[in-house]
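As C-alpha coordinates, the structure follows; a few thoughts come after it.
The values are calculated or read from the model by the stated rules, or taken from the named source; none is laboratory data. Predicted, not measured: the structure shown is a model, and the values here were computed from it. Virtual Cβ from ideal backbone geometry, glycine too; neighbours counted across all protein chains shown.
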(Lines give C-alpha, C1' and ligand atoms only; values in the text may rest on other atoms or scores of the structure.)
Protein backbone atom coordinates (compact mmCIF):
# COMPACT_ATOMS: atom_id res chain seq x y z
CA UNK A 1 0.00 0.00 0.00
CA UNK A 2 1.44 3.35 -1.03
CA UNK A 3 1.81 6.27 1.33
CA UNK A 4 0.72 9.58 -0.14
CA UNK A 5 2.40 12.61 1.45
CA UNK A 6 0.10 15.56 2.11
CA UNK A 7 1.59 19.03 1.89
CA UNK A 8 0.68 21.29 4.79
CA UNK A 9 0.54 25.01 4.43
CA UNK A 10 2.86 26.58 7.02
CA UNK A 11 1.23 28.69 9.74
CA UNK A 12 1.62 32.45 9.62
CA UNK A 13 3.05 34.39 12.57
CA UNK A 14 -0.45 35.43 13.73
CA UNK A 15 -1.72 31.86 13.46
CA UNK A 16 1.24 30.56 15.45
CA UNK A 17 0.32 32.87 18.35
CA UNK A 18 -3.24 31.46 18.38
CA UNK A 19 -4.65 35.00 18.73
CA UNK A 20 -7.52 34.46 16.23
CA UNK A 21 -8.70 31.38 18.15
CA UNK A 22 -8.41 33.11 21.54
CA UNK A 23 -10.30 36.17 20.27
CA UNK A 24 -13.01 33.93 18.75
CA UNK A 25 -13.48 32.15 22.11
CA UNK A 26 -13.63 35.48 24.00
CA UNK A 27 -16.20 36.78 21.49
CA UNK A 28 -18.44 33.75 22.16
CA UNK A 29 -18.02 34.14 25.92
CA UNK A 30 -18.90 37.86 25.84
CA UNK A 31 -21.93 37.22 23.62
CA UNK A 32 -23.31 34.69 26.14
CA UNK A 33 -22.41 37.00 29.02
CA UNK A 34 -24.52 39.94 27.80
CA UNK A 35 -27.55 38.14 26.31
CA UNK A 36 -30.47 37.53 28.71
CA UNK A 37 -30.82 33.94 29.82
CA UNK A 38 -34.01 31.92 29.52
CA UNK A 39 -34.00 30.26 32.92
CA UNK A 40 -36.63 27.94 34.26
CA UNK A 41 -37.40 27.26 37.93
CA UNK A 42 -37.63 23.47 37.68
CA UNK A 43 -39.77 21.68 38.94
CA UNK A 44 -42.24 24.54 39.47
CA UNK A 45 -41.86 25.56 35.82
CA UNK A 46 -41.57 22.81 33.26
CA UNK A 47 -40.85 22.93 29.54
CA UNK A 48 -43.67 22.41 27.07
CA UNK A 49 -44.18 18.76 26.20
CA UNK A 50 -44.36 18.10 22.46
CA UNK A 51 -47.43 16.29 21.06
CA UNK A 52 -47.00 12.55 20.85
CA UNK A 53 -44.60 12.44 23.79
CA UNK A 54 -44.40 8.98 25.35
CA UNK A 55 -43.91 9.08 29.10
CA UNK A 56 -44.58 6.86 32.08
CA UNK A 57 -47.01 3.96 31.49
CA UNK A 58 -49.95 3.91 33.92
CA UNK A 59 -53.19 1.99 34.45
CA UNK A 60 -56.53 3.79 34.27
CA UNK A 61 -60.02 3.08 35.57
CA UNK A 62 -63.32 3.64 33.81
CA UNK A 63 -65.66 6.53 34.81
CA UNK A 64 -67.35 4.24 37.36
CA UNK A 65 -64.05 3.58 39.14
CA UNK A 66 -63.73 -0.03 37.92
CA UNK A 67 -60.50 -1.60 36.75
CA UNK A 68 -60.34 -1.73 32.97
CA UNK A 69 -57.53 -4.29 32.89
CA UNK A 70 -58.79 -7.86 32.38
CA UNK A 71 -55.36 -9.43 32.80
CA UNK A 72 -55.04 -10.58 29.19
CA UNK A 73 -51.27 -10.19 29.52
CA UNK A 74 -50.80 -8.89 25.96
CA UNK A 75 -48.80 -5.91 27.25
CA UNK A 76 -46.52 -8.28 29.15
CA UNK A 77 -45.92 -10.41 26.05
CA UNK A 78 -45.28 -7.48 23.71
CA UNK A 79 -42.94 -5.54 26.06
CA UNK A 80 -39.45 -5.67 24.45
CA UNK A 81 -37.39 -5.26 27.68
CA UNK A 82 -39.81 -7.46 29.70
CA UNK A 83 -40.52 -4.61 32.14
CA UNK A 84 -44.16 -5.63 32.79
CA UNK A 85 -45.11 -8.51 35.10
CA UNK A 86 -48.76 -9.50 35.54
CA UNK A 87 -50.18 -12.12 37.88
CA UNK A 88 -53.77 -12.86 36.82
CA UNK A 89 -56.44 -13.09 39.48
CA UNK A 90 -60.07 -14.10 39.62
CA UNK A 91 -63.08 -11.93 40.41
CA UNK A 92 -65.44 -13.29 43.04
CA UNK A 93 -68.93 -14.23 41.83
CA UNK A 94 -70.66 -11.77 44.18
CA UNK A 95 -68.57 -8.75 43.06
CA UNK A 96 -70.29 -6.05 41.01
CA UNK A 97 -67.77 -6.72 38.21
CA UNK A 98 -68.40 -10.48 38.19
CA UNK A 99 -69.26 -10.47 34.48
CA UNK A 100 -65.62 -9.66 33.72
CA UNK A 101 -63.59 -12.84 33.48
CA UNK A 102 -60.41 -11.72 35.28
CA UNK A 103 -58.57 -8.85 36.89
CA UNK A 104 -54.88 -8.62 37.68
CA UNK A 105 -53.92 -9.71 41.18
CA UNK A 106 -50.50 -8.11 40.68
CA UNK A 107 -49.39 -5.68 37.97
CA UNK A 108 -45.81 -4.40 38.14
CA UNK A 109 -43.85 -2.19 35.74
CA UNK A 110 -40.11 -1.90 36.33
CA UNK A 111 -39.39 1.68 35.29
CA UNK A 112 -35.64 1.00 35.20
CA UNK A 113 -36.26 -1.46 32.35
CA UNK A 114 -39.07 0.39 30.55
CA UNK A 115 -37.97 2.00 27.28
CA UNK A 116 -41.17 4.06 26.83
CA UNK A 117 -41.88 2.48 23.44
CA UNK A 118 -45.68 2.61 23.79
CA UNK A 119 -46.28 -0.94 22.56
CA UNK A 120 -48.18 -1.76 25.76
CA UNK A 121 -50.65 1.05 25.08
CA UNK A 122 -51.09 0.05 21.43
CA UNK A 123 -51.75 -3.62 22.13
CA UNK A 124 -54.19 -3.21 25.05
CA UNK A 125 -57.67 -4.25 23.88
CA UNK A 126 -59.37 -2.72 26.93
CA UNK A 127 -57.58 0.67 26.74
CA UNK A 128 -56.44 0.13 30.32
CA UNK A 129 -52.81 1.25 29.98
CA UNK A 130 -51.72 4.67 28.78
CA UNK A 131 -48.48 6.61 28.54
CA UNK A 132 -48.62 9.84 30.52
CA UNK A 133 -46.76 13.08 29.91
CA UNK A 134 -44.77 12.60 33.10
CA UNK A 135 -41.05 12.51 32.40
CA UNK A 136 -39.39 12.90 35.78
CA UNK A 137 -39.27 9.81 37.93
CA UNK A 138 -36.78 9.39 40.70
CA UNK A 139 -36.11 7.06 43.56
CA UNK A 140 -33.40 6.21 46.04
CA UNK A 141 -33.51 2.44 45.53
CA UNK A 142 -34.30 0.03 42.72
CA UNK A 143 -37.40 -1.12 44.60
CA UNK A 144 -38.84 2.40 44.48
CA UNK A 145 -38.62 2.35 40.69
CA UNK A 146 -41.00 -0.60 40.38
CA UNK A 147 -44.56 0.69 40.07
CA UNK A 148 -47.04 -1.75 41.57
CA UNK A 149 -50.74 -1.93 40.70
CA UNK A 150 -51.90 0.58 43.33
CA UNK A 151 -49.25 3.12 42.30
CA UNK A 152 -50.09 2.65 38.61
CA UNK A 153 -53.78 3.39 39.30
CA UNK A 154 -52.81 6.35 41.50
CA UNK A 155 -50.74 7.85 38.66
CA UNK A 156 -53.31 7.02 35.96
CA UNK A 157 -56.55 7.92 37.66
CA UNK A 158 -59.78 7.79 35.67
CA UNK A 159 -60.17 8.44 31.97
CA UNK A 160 -63.44 9.03 30.16
CA UNK A 161 -64.57 5.92 28.33
CA UNK A 162 -66.85 6.10 25.32
CA UNK A 163 -67.37 2.34 25.10
CA UNK A 164 -69.20 1.40 28.31
CA UNK A 165 -68.95 -2.16 27.07
CA UNK A 166 -69.04 -3.65 30.54
CA UNK A 167 -72.36 -1.93 31.19
CA UNK A 168 -73.75 -3.26 27.89
CA UNK A 169 -72.58 -6.77 28.67
CA UNK A 170 -74.10 -6.59 32.13
CA UNK A 171 -77.43 -5.30 30.73
CA UNK A 172 -77.42 -8.08 28.13
CA UNK A 173 -76.71 -10.70 30.81
CA UNK A 174 -79.47 -9.38 33.05
CA UNK A 175 -81.92 -9.40 30.11
CA UNK A 176 -80.81 -12.89 29.12
CA UNK A 177 -81.19 -14.23 32.69
CA UNK A 178 -84.64 -12.61 33.07
CA UNK A 179 -85.91 -14.41 29.96
CA UNK A 180 -85.05 -17.85 31.41
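For the stretch 131-142, the count of residues that are in contact with a helix residue (DSSP H, G or I) (Cβ under 7 Å, 6 or more places away or on another chain), surrounded by 12 or more Cβ atoms within 10 Å (Cβ to Cβ) and outside any loop (DSSP other than H, G, I, E, B) is nonzero.
So for the stretch 17-27 (the condition being surrounded by 10 or more Cβ atoms within 10 Å (Cβ to Cβ), within 38 Å of the chain's Cα centre (by Cα) and without any contact (Cβ under 8 Å) to a residue 24 or more places away in the chain), does at least one residue qualify? No, the stretch 17-27 contains no residue that is surrounded by 10 or more Cβ atoms within 10 Å (Cβ to Cβ), within 38 Å of the chain's Cα centre (by Cα) and without any contact (Cβ under 8 Å) to a residue 24 or more places away in the chain. Across the stretch 50-63, the qualifying residues are those that are loosely packed, with under 14 Cβ neighbours inside 10 Å and within 14 Å of the chain's Cα centre (by Cα), and the one among them that is farthest from residue 129 (Cα to Cα) is 50. Of everything in the stretch 108-130 that is within 17 Å of residue 150 (Cα to Cα) and at pLDDT below 95, the residue that is surrounded by the fewest Cβ atoms within 10 Å (Cβ to Cβ) is 111. Considering only residues that are under 14 Å from the mean Cα position of the chain (by Cα) and not in a loop (DSSP other than H, G, I, E, B), look in the stretch 64-107 and name the one that is surrounded by the most Cβ atoms within 10 Å (Cβ to Cβ). Among them, the one singled out is 75. For the stretch 30-49, filtering for residues that are surrounded by 10 or more Cβ atoms within 10 Å (Cβ to Cβ) and either farther than 30 Å from residue 116 by Cα or in contact with a strand residue (DSSP E or B) (Cβ under 6 Å, 6 or more places away or on another chain) (or both) leaves 1.
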